[in-house]
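As structure tokens, the structure follows; a few thoughts come after it.
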Amino acid sequence: MIRTAKFALLLCLTAYVSQANIISLDSSTTLLDSSLFIAGTNYAAVFQLTGGGSADTSVMLSLFDLGGGAGIDQSIGDPVSGDYLVGPDSSLASGIWQSSGTLQLDVDPVNSYALYSQEFAAGSVFSFDFQLLTDLAPGGVPDEFDFQLYDPTYSTLLYDVALDATPVAAPEPASWQLAALCCAALAAHRIGGKR
């Protein structure tokens, strides 16, 4: 019975744990100008979400890692636009580099563009996690999340990655049945263990 419960739990975790999306740069990353990502260099990080149609889309960014580098306070020269929210304290000049910093960008059919940028002094790595959430109907035009790295003057694009916010299919009925089996097996294991 214990083996069955553990197997059912493993199936549940495999079926329902979502994988985080991560973007990471380090000293082995070749930039668009053929240079390498170098610790001690100042860069400008640019995050943008562009609407492509009728969907409401958000991108949630967190777990910013400067790899021993240092964030540079938000300045009037760092472009921002549209609906964005910096957390946990939006009033801090440290912006996304504050402790446990987060960033949310939102677009909808009325507000089709959101952008946030901020400079940093690179450490050994630069990485962040992100999650795209959208109500895009299958077959619709997807919204797009872009991360770009520029020099501090925002004049030279050094790195660019773009990802579509595609809809996530709802679980099939068989998946719900598997979840029910998982719960039943765990309950049976718990009841069996009390005897």
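Taking SER91, is it out of contact with any Cys (no Cβ under 6 Å at 6 or more places or on another chain) and surrounded by fewer than 18 Cβ atoms within 10 Å (Cβ to Cβ)?
yes
So which strands (runs of 3 or more DSSP E) stay within region 54-171 end to end and still have 3 or more residues that are closer than 26 Å to SER34 by Cβ?
The strands (runs of 3 or more DSSP E) meeting that bar are 113-121, 125-134, 143-150, 157-165.
Sort out which residues of region 132-156 are exposed (fewer than 15 other Cβ atoms within 10 Å of the Cβ) and either at pLDDT 95 or above or polar (S, T, N, Q) (or both), and write them in order of number.
THR153, SER155, THR156
If you check ALA44 against the conditions, is it in a strand (DSSP E or B) and either of a type in the set (Gly, Ala, Ser) or more than 20 Å from the chain's Cα centre (by Cα) (or both)?
yes
Can you report the number of residues in region 157-172 which are crowded, with 17+ Cβ neighbours inside 10 Å and of a type in the set (Gly, Ala, Ser)?
Of the residues in region 157-172, 1 are crowded, with 17+ Cβ neighbours inside 10 Å and of a type in the set (Gly, Ala, Ser).
Kindly establish whether GLY82 is touching a residue at least 24 places away in the same chain (Cβ under 8 Å) and out of contact with any strand residue (DSSP E or B) (no Cβ under 6 Å at 6 or more places or on another chain).
no
Taking interchain pairs and intrachain pairs at least six residues apart, which have beta carbon atoms under 7 angstrom, with the first residue in region 139-151 and farther than 20 Å from SER127 by Cβ and the second of a type in the set (Val, Ile, Thr)?
PRO142/THR166; ASP143/THR50; ASP143/THR57; ASP143/VAL107; ASP143/THR134; GLU144/THR50
Look through SER81, SER94 and report the one residue that is more than 22 Å from THR50 (Cβ to Cβ) and out of contact with any His (no Cβ under 7 Å at 6 or more places or on another chain).
SER94
The values are calculated or read from the model by the stated rules, or taken from the named source; none is laboratory data. It should be emphasised that the depicted structure is a prediction, and the values quoted were computed from it without experimental measurement. Glycine also receives a Cβ, built like all others from the backbone with ideal geometry; neighbour counts cover every protein chain displayed.
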